[in-house]
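Okay, structure first, notes after.
Where a number appears in this text, it was derived from the coordinates with a stated rule and is not lab data. Keep in mind it's a predicted model, so treat the numbers as computed, not measured. Cβ placement follows ideal geometry from the backbone for every residue including glycine, while neighbour counts extend to all protein chains displayed.
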Ligand SMILES: Nc1nc2c(ncn2[C@@H]2O[C@H](COP(=O)(O)OP(=O)(O)OP(=O)(O)O)[C@@H](O)[C@H]2O)c(=O)[nH]1
Ligand SMILES: [Mg+2]
């Protein structure tokens with residue numbers, strides 16, 4: 001698999017100044033030479049160099065020296081074949097020429113020789129013109145010349161397999177490309193730079209040290225005095241577990257940064273959900289009328305709160321539907337409410353609470369709820385004190401008086417959302433865990449460490465503690481993609497030097 005040379009268009013399709021076609025593998029340079037005509041063959045060129053020329057359809061392999069100044073790109077006169085006089089003054093009579101290959105585009109080739117490249121293999125990046133045709137032509141030529149089309153993520157996979165980056169860094173590359181906010185970008189960048197990996201490596205090292213001590217005691221019980229786990233090892237395990245607690249403590253926020261948050265506005269009809277939705281997104285997107293039952297379908301729009309992408313959705317007012325279309329809209333609103341961990345419950349603050357309000361309130365258990373007491377410009381009728389007791393089941397709540405139409409209280413509402421969603425973390429995102437796969441694996445590691453510490457503390461046999469520590473290491477290794485096996489054994493023997 002790794003001996004195949006892969007190619008792909010690395011840039012997005014469509015009209016653009018440039019497009020880049022990338023090749024990686026042992027034959028990347030040789031294959032590119034078949035489709036490139038510049039001053040000289042790439043085969044003899046040093047790494048990290050740029051070469052201006054033409055991409056051509058690969059009829060014949062590039063022969064060193066045969067390129068000469070042929071087809072020097074950018075010349076207004078076109079290919080050198082059209083200027084035989086210039087050739088003959090320097091080199092004498094023209095040799096018989098092969099037919100000129102078909103030109104595909106004018107390009108610049110960047111050459112990166114292994115191992116100083118993205119994949120640690122020979123890599124060639126061909127910058128051609130953007131648009132629908134150029135990159136496709138260059139790609140087709142490279143395929144014709146012997147490369148294979150890369151699968152999604154295969155360049156990054158090779159960077160991982162060849163040991164340039166670990167698995168967490170490789171996954172962060174995908175996150176970076178998908179990032180829709182500055183914060184999501186910053187988070188992915190910190191992971192690519194290896195901040196999370198370094199924290200996990202350091203953690204694994206500490207756990208491996210503890211395991212080394214425990215196993216050595218088990219294996220050489222007579223030499224080191226018993227199989228019980230000494231207190232300093234138990235406390236080392238506890239501190240590793242605490243480190244994972246900290247790491248996972250930031251995971252909810254980091255995940256929100258990575259994936260964004262969905263936030264439906266719910267409530268009975270006519271309380272001003274659509275008006276508030278429009279006010280928060282700063283656009284008259286949803287229809288607002290004084291007729292209850294105006295909104296039928298869900299309308300969504302994203303805003304950014306503290307660097308997190310929050311997708312608000314306006315929903316149909318919750319009540320007993322009067323006709324089938326409204327019933328569908330209400331079913332969608334109920335679905336949005338049930339599926340969301342956090343909601344904005346809009347209440348008409350200028351009117352008494354109605355049975356329909358109470359029915360909405362009864363569906364808020366276990367949720368984080370921002371109550372928007374709307375229409376505050378009309379004077380308060382329903383106050384926070386009346387709403388508060390209805391939110392007993394909610395996991396977190398904030399109540400804010402607003403006026404959607406007068407644009408009042410919106411900053412307080414946004415701030416309340418930031419607090420509700422815990423987006424107000426002051427520490428940076430560097431090294432945070434955001435990927436659910438990582439969160440799951442590290443949660444398992446934390447549980448194993450907690451069990452290991454508890455077992456060690458209770459005087460359980462070292463084997464039990466070692467078992468849990470090994471599981472913790474394996475789980476952490478799942479994140480970075482590393483394994484322990486061999487070096488664990490090395491560590492045990494190098495540290496204890498029992499000498500038997
Ligand atoms: N005075 C005042 N009127 C408001 C305010 N917010 C909304 N309204 C009015 O209340 C009425 C209903 O507003 P909508 O936003 O359509 O209410 P809704 O909750 O989306 O209603 P449905 O879509 O029917 O569920 C409209 O006439 C709005 O102009 C406010 O803050 N102050
Ligand atoms: Mg509406």
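Computed quantities for the displayed model
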{"read-out": "Folded to 0 to 90 degrees: helix 167-178 orientation relative to the chain principal axis, Cα", "value": "80 degrees"}
{"read-out": "Spherically averaged projected area in nm², based on the convex hull that wraps the Cα atoms of the stretch 102-196", "value": "7.5 nm²"}
{"read-out": "Directionally averaged shadow of the stretch 347-483, computed from the convex hull of its alpha-carbon atoms, nm²", "value": "12.9 nm²"}
{"read-out": "The chain - percent relative contact order, Cα under 8 Å, separation 6 or more", "value": "14 percent"}
{"read-out": "Crossing angle, helix 462-480 versus the chain [Cα axis fit, 0-90 degrees, rounded to tens]", "value": "70 degrees"}
{"read-out": "Largest to smallest principal axis extent of the C-alpha atoms in the stretch 352-395, angstrom", "value": "31, 19, 14"}
{"read-out": "Gained length - residue 327 relative to residue 3, 0.36 nm times residue gap less alpha-carbon distance", "value": "110.7 nm"}
{"read-out": "Beta bridge orientation in the chain: antiparallel %, DSSP, nearest 5", "value": "60 percent"}
{"read-out": "Mean Cβ count within 10 Å, highest first, over the residues of peptides 147-158, 306-317", "value": "306-317, 147-158"}
{"read-out": "Cα extents of the chain along the three principal axes, largest first (Å)", "value": "100, 80, 37"}
{"read-out": "Between 0 and 90°, nearest 10: helix 134-144 axis offset from the chain longest Cα axis", "value": "60 degrees"}
{"read-out": "Per-residue [θ]222 nm for the chain (sum of -39500 (n - 2.57) over DSSP H runs n ≥ 4, rounded to 500)", "value": "-13500 deg cm²/dmol"}
